[in-house]
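Every read-out reported here was derived from the displayed coordinates using simple, explicitly stated rules and does not represent laboratory data. Just so we're clear, the structure is a prediction, and the values are computed from it rather than from any experiment. Counting neighbours? That spans all protein chains shown, and the Cβs are built from the backbone with ideal geometry, glycine included.
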6 protein chains.
Amino acid sequence: MVYITRREIFNAAHRLFMEEWSDQQNLEVFGKCSNPLWHGHNYILYITIKGELDPQTGYLMDLRILSSIINDKIISKVDHKNINLEVEFMKGKIPSAENFAINIWNELNAELLKHNCALHCVKLCETENNYVEYFGK
Amino acid sequence: MVYITRREIFNAAHRLFMEEWSDQQNLEVFGKCSNPLWHGHNYILYITIKGELDPQTGYLMDLRILSSIINDKIISKVDHKNINLEVEFMKGKIPSAENFAINIWNELNAELLKHNCALHCVKLCETENNYVEYFGK
Amino acid sequence: MVYITRREIFNAAHRLFMEEWSDQQNLEVFGKCSNPLWHGHNYILYITIKGELDPQTGYLMDLRILSSIINDKIISKVDHKNINLEVEFMKGKIPSAENFAINIWNELNAELLKHNCALHCVKLCETENNYVEYFGK
Amino acid sequence: MVYITRREIFNAAHRLFMEEWSDQQNLEVFGKCSNPLWHGHNYILYITIKGELDPQTGYLMDLRILSSIINDKIISKVDHKNINLEVEFMKGKIPSAENFAINIWNELNAELLKHNCALHCVKLCETENNYVEYFGK
Amino acid sequence: MVYITRREIFNAAHRLFMEEWSDQQNLEVFGKCSNPLWHGHNYILYITIKGELDPQTGYLMDLRILSSIINDKIISKVDHKNINLEVEFMKGKIPSAENFAINIWNELNAELLKHNCALHCVKLCETENNYVEYFGK
Amino acid sequence: MVYITRREIFNAAHRLFMEEWSDQQNLEVFGKCSNPLWHGHNYILYITIKGELDPQTGYLMDLRILSSIINDKIISKVDHKNINLEVEFMKGKIPSAENFAINIWNELNAELLKHNCALHCVKLCETENNYVEYFGK
């Protein structure tokens, strides 16, 4: 069993808030992250898959294919976007790094299974001081 | 003459666009950066000042003071903000990294002169692949 | 189950040595790290906690709270300090990175349990080439 | 149980290809990485070992010894070398990052056991966007 | 006057040697870098241009255009290549980082002038410990 | 004219204080950095030299020679040392990053002139947020 990881980056705007709460309540729970006029991040995404090597090629999976799946399913939908308003798979969900990582897992997992590859970890870095990891359970 | 640099970080949302242009025209010139629903960045700001050492303390300037000036004049006004809509010193200006760096210079310069310190460089990193430097002329 | 990590940094002096050994014996076992006049590091500390998301907020734990616990229990006690002489929870212990990480775990763990959060990993980087991880068992 | 990691770096040339395939076939499977005139990388290698602390020294293992084993068994054999042509333990194997990491594990493992240290992970970074991890099974 | 920098990365193989010297002489002058079977690097290239802002767009130059020029004139010719054997603009020149940076300058400069942009600096990082800067004179 | 830079790292302890001042006065001016029981840093040192290429070798200077000069004149004297008490060239000087960089310049400059190389810049990073540059005048 070998684990390979591909790094991809994207930039996006978001806001942490509960629609049913007042701006004041949101400010108390989410602080600056609830700014009604948005803020944003350079997100760094690490996708780790696991499996057996192809004995011929020495590859677990061609990283160009992994990169193209991540770009197709995730990056093209979130890069330079507003996560609250424009990302279908985050609709109605608070775009905390935790929720975001879990939903990226859900988007990628089905597609990777078609390539006989098991998703192992989604790691999402929001700032140089904070990151989230999700292993699917 | 010695040069000292302080690094500070902040997160913000912005959009590159000309109000008098259509969304289509803005898209042609600014690409994804003109997304009407915003995107954002983790900005990294490097402020370099220059001058002679204080022969007693061996300091050009106490970096806690430099950091507190940068936080007071810049970070507190831009962190977790929308640069187009909420930052007084960027009002009416396209928030390209170039324009942003020049206006950060203008905000800081007057204050630093009061401390007998000459601002040397504002370096503003927008992504890991792009940055701007401005030396005041 | 989601894992979130907070990075904090601090600077400190230390020395690796056994009081009952001669300087020569200490030099043989600990090399330069036993210098009787101390040396120091910029330590980087990664604290990872794990748990279920709050279904309302999408948070595992507010990172401002996690950061304030780490600063209260650890950073305020070790930053710009001599680990051998000034850090209560390291008294009588050789401040190897291994021992240091284990004792940081012990300090943090009780406090995090009060917030219903399970500590998962303490990762302590001493130089760009060396780091230690401790998972509590 | 504590985990300590040592980072080492090296530079090398390699080429991904199957001898029995034509250049055209290799190009289809391995892309630019099959260039018959070679390309190369700055590899970053992280070796993680695990075990109990020595209660006296507070060390899992003296990192100077770990570093010297890694240099003796791996770095001296791969640094500034052609992995396909000059590295004995990679002879006849496609030098994908996956295969390379597994074979580094095999080279190191026996030696570390002699020091009563258990190898936990070989992490090999080929570019800033790609890395492989192998845990020995 | 503002300075903007674009970072691009590529991987390549090379060898430092003088054709008219014996392998032994080359080894004495260039050490491991003269290995006849090649070695390689992950190069990091920083291209800095300078000029006045376009008062309308707030751009010195659209970074997508700068990136596409660098990719067209440099990256496409050196990425996953053998610098000694496959790079037209390095033919007959020892591919030291110094020579490589100067020749990248020469390749880019003419093209950038056509876009009314002045090249300011080519910075080429060969390893995390070594880099070269060239300012055109 | 080309500029080449070599990076070297070292760890050391220090304290900022004026002997003739009380601990209280030192605390007011230097804050935590005046802790009488020391603190320390992982210093990163960048040494930049400038000059013409050797037309034969394509080298400004063999970086192994530059590295060995820096190690001989600086690193061996400061690594794992107490800068206030053990570094001859810092005796009687407050080891601020500014003073430290200037004195490293003075130590290196004479030696580099013997190799017909002009020292261009000493850059000394004390933390990830602070660094000093000195150009010799």
How well do other chains shield peptide A:24-32, expressed as the mean number of their Cβ atoms within 10 Å of each residue Cβ? 2
Can you check what the net charge comes to around A:G136, using other residues whose Cβ is under 15 Å from the Cβ of A:G136 (Lys, Arg +1; Asp, Glu -1)? -1
Can you pull the mean other chain C-beta count within 10 Å for peptide C:39-47? 6
For the stretch A:31-96 and the stretch D:43-80, what is the centre-to-centre distance using only Cα atoms, to the nearest Å? 35 Å
Volume of the Cα convex hull of the stretch E:96-137, divided per residue and given in Å³: 64 Å³
Tensor-based shape of the stretch D:1-72 (alpha-carbon gyration tensor, a/c under 1.5 rounded, otherwise prolate or oblate): prolate
Segments C:19-30, D:26-37, A:42-53 sorted - mean Cβ within 10 Å per residue, highest first: A:42-53, D:26-37, C:19-30
Average projected area of the Cα convex hull of the protein assembly as shown, in nm²? 35.7 nm²
Run through the DSSP bridge list for the protein assembly as shown and note the antiparallel percent, rounded to the nearest 5. 95 percent
E:D72, B:D54, A:D79 arranged by Cβ crowding within 10 Å, fewest neighbours leading: E:D72, B:D54, A:D79
Calc'd 3J(HN,Hα), the stretch A:49-60, phi into Karplus 6.51 cos²θ - 1.76 cosθ + 1.60 (θ = phi - 60°), Hz, glycine/Pro = x, comes to 10, 9, x, 8, 5, 5, x, 6, 8, x, 9, 6
Work out the mean other chain Cβ neighbour count within 10 Å for the residues of B:54-65 and drop it here as an integer. 5
At 7 Å along the Cα-to-beta-carbon direction for both E:E19 and D:S22, put a label point, then send me their distance in nm to one decimal. 3.2 nm
Restrict the search to the stretch B:61-135; then list the trypsin sites (Lys or Arg not before Pro) that DSSP places in a loop and that have at most 16 other Cβ atoms within 10 Å of their Cβ. B:K91, B:K93
What is the calculated FRET efficiency for C:L113 to D:E52, with r their C-beta to C-beta distance and R₀ = 22 Å, to the nearest 0.05? 0.35
Taking Cα pairs under 8 Å and at least six residues apart, what relative contact order does chain D come out at, in percent? 29 percent
Rg and Dmax of the stretch E:2-134, Cα atoms only, in Å: 16.5, 61
Phi-derived 3J(HN,Hα) across the stretch F:117-134 with the Karplus relation (6.51, -1.76, 1.60, θ = phi - 60°), rounded Hz, x for Gly and Pro, is 10, 9, 5, 9, 8, 10, 10, 10, 9, 9, 9, 5, 9, 9, 8, 10, 10, 9
If labels are modelled 7 Å from Cα along the Cβ direction, E:M18 lies from its partners in the other copies at nm distances, smallest first, of 4.6, 5.6, 5.8, 5.8, 7.6
For the stretch A:2-134, give the magnitude of the charge dipole about the Cα centre (Cβ charges: +1 Lys/Arg, -1 Asp/Glu; no others), in debye to the nearest 20. 220 debye
Proximal lysine pairs in the stretch A:2-134, meaning Cα under 21 Å and 8 or more positions apart or interchain, come to 19
Between E:G51 and residues 5 or more places away or on another chain, which pairs have amide H atoms under 5 Å apart, with H built 1.01 Å from N, and which residues are they? E:V2
Considering amide H positions built from the backbone, and no H for Pro or chain starts, which residues 5 or more places from C:K81, or on another chain, come under 5 Å of its amide H? C:A13
Order of C:L112, E:L85 under a 10 Å beta carbon neighbour criterion, fewest first: E:L85, C:L112
Rounded to the nearest 20 debye, what is the charge dipole size of the protein assembly as shown about its Cα centre when +1 sits on each Lys and Arg Cβ and -1 on each Asp and Glu Cβ? 0 debye
What are the ³J(HN,Hα) couplings of the stretch B:5-20, residue after residue, when phi is run through the Karplus curve with 6.51, -1.76, 1.60 and θ = phi - 60°? Round to Hz, x for glycine and proline. 10, 10, 9, 9, 10, 7, 10, 7, 9, 7, 8, 9, 6, 9, 4, 6
Pick out, from D:H14, D:L37, D:I74, the residue whose Cα sits farthest towards the positive end of the charge dipole of the stretch D:2-134, with +1 on the Cβ of Lys and Arg and -1 on the Cβ of Asp and Glu. D:I74
